[in-house]
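Any read-out appearing in this document is the output of simple, stated calculations on the displayed coordinates, not a laboratory observation. All figures in this text were calculated on a predicted structure; none of them were measured in a lab. No Cβ is skipped: glycine too gets one built from the backbone with ideal geometry, and neighbour counts run over all protein chains shown.
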Amino acid sequence: MPELLNPADPGFARDPYPYYARLRSQGPAARVPLANGTHAWLVTGYEQARAVLADPRFSNVPPAGAGRPKPDSPAQRARGCLARHMLNSDAPDHVRLRRLTTAAFTPRRVDALRPRIERLTDELLEPLPSLAAAGEPVDLVDAFAFPLPVLVIGEVLGVPEADRADLREWTYRVGSPTDALERGAVDEAWTCLHAYFTDLIAHKRREPGDDLFSALVHDAGEAGAGGLDDGELLAMAFLLLFAGYETTMNLLASAALLLLTHPGELTAAHRGGEAYWAAVVEETLRHASPLEGTTWRRTTERVDLGGGTVIPPEDSVLVVLAAANRDPGRFPSPDAFRPARHLAGAQRPAPHLAFGHGPHFCLGSRLARLEAAVALPRLFAALPGLTLAADPDGLPYRPGLLVRGPRRLPVALA
Ligand code: HEM
């Protein structure tokens, strides 16, 4: 019988891997008791994770009633808009939304963001050496890993520079753990984001910019002619913000932490140049998967996963990417941080699943890789002698099963 799973436990949030390894040793998918008294299926094996993510019998549509806005609260209405996005849909709806979005997210458009990401990175890094030299540790999450992805999403959405500080503040509030801020402040931020994105869409319809979101509003076709309607665009703006910032924030923070605790790898990255930095990014994605689990799936019928594992219809299923990415059957010494395993010529491992698999494979993977490839070398070049100013084993992590990364990363200059 699998052990109880309590995602709110700080020890589990910091290091869930021993739990997942024990679970995997009992089988690649298991029905696990949750702290709230319910049960869910957790998929921890690599092959089974891929199989589930590619199988249409596992639906992404939340059960009827889930996430419905409560009519009397503007903040709930804003949250309800978010629920209409493509990650919450199955074919054929998903195919249509995805096709329109892929048409806007071309590699050329994403790659064209590089100079702007470089500039944003340099602007954020500029004050850090004097701050770090002043004696007090600097929180690298607050000063770098959080703002950069939000500013980049600002570029993607075509948010004017003058409004970026607001976007950053609202995002910070709605993304904060529930215990961190007053409820009123969070609700107000939801309302502001909702109003802001509604105006932004109207503005982009009138005056398209050269941003990706304008392409989505216009090139994808008009609403009614197969394009996205305003409600879908609003959901898309929320999805891009939330799918894009917290994940990338965790990638940047976890990569910085891994390099600070593996100085030999930092030296190798400095020597190895672009290819080694790219390997650092891939290994961080595998070793410290920023999205711990995918979004929840629900079986539409009875599914036999093989090996005696049968999931009944209407059961909740979570594919634990962090666990699949440490499956010893696929990745030798899975708990070791070894970027070199991703280098050309090395015995290449199976592709990691940090960006998911199948029809919902991450739409922003190219952008996330680009951000990390730009940000990490610049961070360590701007702050030589950077050291961790805290015990790495005591760092707080966000509770929950969806995203994973340090909440704070105090650093100082040696
Ligand atoms: C390190 C950064 C990122 C990671 C690890 C990541 C991971 C993922 C994963 C695992 C999924 C699939 C979830 C599921 O199947 O339930 C996904 C979907 C998605 N991601 Fe990302 N993501 C990252 C960054 C981004 C960025 C920067 C954007 C856009 C700006 C983005 C946009 C999306 C969208 C739109 C989807 C939904 C795709 C669909 O439903 O077809 N992601 N991401």
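Worth a mention:
- Within a Gaussian network of the chain (alpha carbon springs, distance under 10 Å), most fluctuating of E123, E232, E292: E123
- The ranking of L167, L251 from fewest to most other beta carbons within 10 Å of each one's beta carbon is L167, L251.
- This model, with +1 at the C-beta of Lys and Arg and -1 at the C-beta of Asp and Glu, gives segment 324-414 a dipole about its Cα centre of some 220 debye.
- Dividing the mean sequence gap of close Cα pairs (under 8 Å, 6+ apart) by how many residues the chain holds gives a relative contact order of 26 percent.
- For segment 262-335, a/c is not less than 1.5, where a ≥ b ≥ c are the root eigenvalues of the C-alpha gyration tensor, and a/b tops b/c. That puts it in the prolate class.
- Mean residue ellipticity, 222 nm, helices only, the chain: the sum of -39500 (n - 2.57) across DSSP H runs of n ≥ 4, divided by residue count and rounded to 500, is -15000 deg cm²/dmol.
- Summing charges over neighbours of V403, with a neighbour being any other residue whose Cβ is under 9 Å away from its Cβ, gives 0 when K and R count +1 and D and E count -1.
- Radius, Kirkwood style, for segment 102-216 when every pair of distinct Cα atoms is counted (Å): 15.9 Å
- Over segment 13-124, the hull volume per residue, using the convex hull of the C-alpha atoms, is 231 Å³.
- Relative compactness, segment 10-413, computed as alpha-carbon Rg over 2.2 N^0.38 Å: 0.98
- Cβ-based charge dipole, the chain, positive-most Cα from I117, A202, A132: I117
- For the chain, size of Cβ-based charge dipole, Lys and Arg +1, Asp and Glu -1, in debye: 1040 debye
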